[in-house]
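The structure appears below as structure tokens.
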Amino acid sequence: MCDVTHSDPSTHPHLEASLQTPKASLQTPSTDSLETSPLEKPSSSGMSLLVVGAGFTGSVLCKILRTSAPALALNVWEKSRGIGGRQAVKRDGDLTCDMGTQYITCFREDERFKKYVKELKAIDVIQRLEGKIVDAPPRFSGDCKHYVARHGMNSTSKYFMSGTTVHFQKKVASLKVHDKRIEVCNDEGRRSFFDGMIFTIPAPQLLDIDMDGKMSEEVRENIRKIEFTPRFTAIMQFDYVPEFDWTLKYYRNDIISFTGWDNIKRMHGMEIVFHYLLLSISYAKSFRK
């Protein structure tokens, strides 16, 4: 039996961290003559798993799987050139500016994620967010803590993904379920075989994949109701530290959605200060033809 599972990542400017136990059911593959790509051969346990997407969700999942199932042949396909997904980071030499996720939120009741926060703090990947957040949604103003990454938010995903084989610029085009294995074809026509798959990509992207009839029309219709929303982001650069009594600020108007002082939130690289501006969905939609 082969399971195909989907898990949807969170969106910026914050990233709400909540872990769920992976539910991939893996069975020993049959001894048929299916060809396997040399880059993705099964492990000595005879079990292989493909994780689609190298964003924060996929990275944390791989961390869990490497710990709970070390004998598993774990591979990741990522359609872009790097790790992090919506944790986009703009780099200028040694300077960085978060263009996607601005901070990670850990809630008091989330005991499982606290373990990973503690691990990231211990090796100085993350630290407490400095300064005040103005007009944050109520859920993120309560009993929770916010963290930022000194070298860009995608460094958290890079840490969790370390030790996992990641194939970049590799996009799933189709899959076909055989008796006990899944044949996966990328957008270049190359085939690989796995015992299970877990999708961690945004749900609408699943509609671009030929699922060999394994996705019902009802599920497809529900996914079609999910809409990608456009956003514009801008970075302004200052050679001095402006005087404000806040670090990050949410807005409720038709143009600006969120803004923040990137370097100040993590007190790093203060020789040049970046001001990040996220424009509203309604403003971005006004540019659609």
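The values are calculated or read from the model by the stated rules, or taken from the named source; none is laboratory data. All figures in this text were calculated on a predicted structure; none of them were measured in a lab. Glycine gets a Cβ as well: all are built from the backbone with ideal geometry, and neighbour counts include every protein chain shown. The accessibility values were calculated without ligands, DNA or RNA, using every heavy atom of the protein model including side chains. Shrake-Rupley method; radii C 1.70, N 1.55, O 1.52, S 1.80 Å.
If you take the square roots of the eigenvalues of the alpha-carbon gyration tensor of the range 70-138 and sort them as a ≥ b ≥ c, do you get rounded (a/c under 1.5), prolate (a/b over b/c) or oblate? Display every interim value, and only then the final one.
Working: a/c = 1.80, a/b = 1.15, b/c = 1.57.
Cα axes put the range 70-138 in the oblate bin.
Spin-label pair Ser216-Ile255: with each label point 7 Å from Cα along the Cα-Cβ axis, the two points sit 4.8 nm from one another. The range 216-289 and the range 79-94 have their alpha-carbon centroids 16 Å apart. Annotation for Ala71 and Arg108: the two label points, set 7 Å from Cα along the Cα-Cβ direction, are 4.3 nm apart.
Extension gain for the segment Ile223 to Ser80, taken as residue separation times 0.36 nm less the Cα-Cα distance, is 49.3 nm to one decimal.
Per 0.36 nm of contour for each residue apart, how much would the distance between Glu119 and Phe238 grow if the chain were fully extended, relative to their Cα-Cα spacing?
On the way: separation 119, 0.36 × 119 = 42.84 nm, distance 3.34 nm.
Here the answer is 39.5 nm.
Take Lys90, project a point 7 Å from its Cα along the Cβ direction, then tell me which residues of the range 227-259 have their backbone nitrogen under 16 Å from it. Within reach of a label on Lys90: 231-240, 257-259. In terms of accessible area, using a 1.4 Å probe and ignoring ligands and nucleic acids, Tyr283, Tyr240 rank largest first as Tyr240, Tyr283. Among the protein heavy atoms, those of Lys132 account for about 100 Å² of accessible surface (1.4 Å probe, every chain in place).
Backbone amide hydrogens, once placed in the peptide plane, bring Arg86 within less than 5 Å of Phe56, excluding anything fewer than 5 places away on its chain. The string of couplings for the range 56-61 from the Karplus curve (6.51, -1.76, 1.60, θ = phi - 60°) is 4, 4, x, 5, 5, 4 Hz, one whole number per residue in order, with x for Gly and Pro. Accessible surface for the range 103-218, divided over its residues, is 50 Å² per residue with a 1.4 Å probe.
Ligands, DNA and RNA left out, the 1.4 Å accessible surface of the range 202-268 is 51% carbon and sulfur atoms. Scanning residues 5 or more positions from Val134 or on other chains, those with amide H under 5 Å from its amide H are Thr247, Leu248, Lys249, Tyr250, with H placed 1.01 Å from N in the peptide plane.
How large, in percent, is the carbon and sulfur part of the accessible surface of the range 44-107 at a probe radius of 1.4 Å? List each step's numbers first, then the result.
Details: 1210 of 2270 Å².
That share works out to 53 percent.
Extension gain for Asp208-Ser162 works out to 13.7 nm (0.36 nm per residue, less the C-alpha to C-alpha distance). Across the range 142-156, coupling constants 3J(HN,Hα) worked out from phi with the 6.51/-1.76/1.60 Karplus curve, θ = phi - 60°, read x, 7, 8, 10, 10, 10, 10, 10, 4, 10, x, 4, 5, 5, 5 Hz, and Gly and Pro carry x.
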